[in-house]
Amino acid sequence: MSGHSTFVSPFHPPRCLAAAAPAGKAKFTHPGKAILAGGIAGGIEICITFPTEYVKTQLQLDEKANPPKYRGVVDCVKQTVNGHGVRGLYRGLSSLVYGSIPKAAVRFGVFEFLSNKMRDESGRLDSKRGFLCGLGAGVAEAVVVVCPMETVKVKFIHDQTSANPKYKGFFHGVREIVRTQGLRGTYQGLTATILKQGSNQAIRFYVMTVLRNWYKGNDPNKTINPLVTGMFGAVAGAASVFGNTPLDVIKTRMQGLEAHKYKSTMDCAVKIMKHEGPSAFYKGTVPRLGRVCMDVAIVFIIYEEVVKVLNIVWKTD
């Protein structure tokens, strides 16, 4: 793989990976490099953008029937900082950091496995197949990593709004959830999470594949500037936000401390529509849009730089 490739295996045809290899010989990204680079990029990205995820989750949990505790994004940030300090905006961060590496492993591994089988004779992955590969990767990461990780994160954030928070930290919280609700307690909202992650990755990989194929044109080895890749990532992230925020809202409600109110994913959707109206399905869109656009752009750029270093210090030829 060449040092300047970005997010190689999902989007590049094998011939694009051969810049550092002997002429005419395609070179695939070593799975270990993809896992390690993705995990590092994901961990850094989470630390940078988590406050927007926190605010998004709080607004989605802030049901009208309560009545609303927050008047908007700024008010949510102000109340959180006044009550808990700046550290309050990072409540639940640990659950995402701990899950970033296995999440990256599943996503990159499954996508690479599927995309390598779906490329055409020239090694090119078209946008429709990129969509399907992204869907498969999203479903896999939802089941293996994202659902339990997100459930713990949402419970932590929601717990902070209680008069007497009961979770003292990540491991204590996980132990309490498993002790009181069993392992099933970490898999609340699985259907909604599968729908959300599957559509998320399908949309993002589709958009990225379209943009990268358009940019490279007839030159599969054309270098893409990291800033251009970041812009492509931001566009892909924005597309996924507008495409599946309603699923994200339902998932968040299904994983909150009051999830017992909903019999199923469909029941949750019906009750939100009945009691709060269609606008409730887009709660938290602004902070989520900010986070996701930064998320996807940052991950692509950092991934690229980490892979450059790994190609120097880790020889897999």
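The values are calculated or read from the model by the stated rules, or taken from the named source; none is laboratory data. Quick caveat: nothing in here was measured; it's all calculated off a predicted structure. Reconstructed Cβ throughout: ideal geometry from the backbone, glycine too, with neighbour counts over all protein chains shown. All accessible areas refer to the heavy atoms of the entire protein, side chains included, with ligands and DNA or RNA removed. Shrake-Rupley method; radii C 1.70, N 1.55, O 1.52, S 1.80 Å.
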> Roughly how many debye, to the nearest 20, is the charge dipole of the chain about its Cα centre, given +1 on each Lys and Arg Cβ, -1 on each Asp and Glu Cβ, and no other charges?
Replying inline: 380
>> What are the equivalent ellipsoid semi-axes of the range 34-131, built from the alpha-carbon gyration tensor (square roots of five times its eigenvalues), in whole angstrom, biggest first?
In response: 38, 17, 10
>> With only alpha-carbon pairs counted, each pair once and no self-pairs, how large is the Kirkwood hydrodynamic radius of the range 88-152 in angstroms?
In response: 13.0
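Per residue, how big is the convex hull of the chain when only Cα atoms are used? Give it in Å³. Provide the component values of the computation, followed by the final result.
Details: hull volume 41.3 nm³, N = 317.
Cα-based convex hull of the chain, divided per residue, equals 130 Å³.
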> Could you work out the helix-only [θ] at 222 nm for the chain, with each DSSP H run of four or more residues adding -39,500 (n - 2.57) and the total divided by the number of residues, to the nearest 500 deg cm²/dmol?
Replying inline: -23000 deg cm²/dmol
>> If you count only protein heavy atoms with a 1.4 Å probe, what accessible area per residue comes out for the range 210-293, rounded to a whole Å²?
In response: 46
> So how many Å³ per residue does the convex hull of the Cα atoms of the range 140-196 work out to?
Replying inline: 77
> How long are the three semi-axes of the equivalent ellipsoid for the range 80-225, computed from the Cα gyration tensor as the root of 5 times each eigenvalue, in whole Å, largest first?
Replying inline: 38, 18, 11
> Computed over the Cα atoms of the range 215-283, what is the convex hull's projected area averaged over all directions, in nm²?
Replying inline: 7.0
> In degrees from 0 to 90, rounded to the nearest 10, what is the angle of the helix 285-313 Cα long axis to the longest principal axis of the chain?
Replying inline: 40
>> Just to be sure I understand the model, the point goes 7 Å from the Cα along the line to the Cβ. What's the resulting residue 132 to residue 47 distance in nm?
In response: 4.0
>> Quick check: net charge around residue 262, other residues with Cβ under 10 Å of its Cβ, Lys/Arg +1 and Asp/Glu -1?
In response: +2
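Cross-chain or 8 or more residues apart, Cα under 27 Å: how many lysine pairs in the range 262-317 fit that? Count them up, please.
Details: 263/271; 263/274; 263/283; 271/283; 274/283.
Summing the qualifying lysine pairs gives 5.
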>> Once neighbouring chains are kept in place and the probe is 1.4 Å, which whole percent of the accessible area of the range 110-185 is contributed by carbon and sulfur?
In response: 58
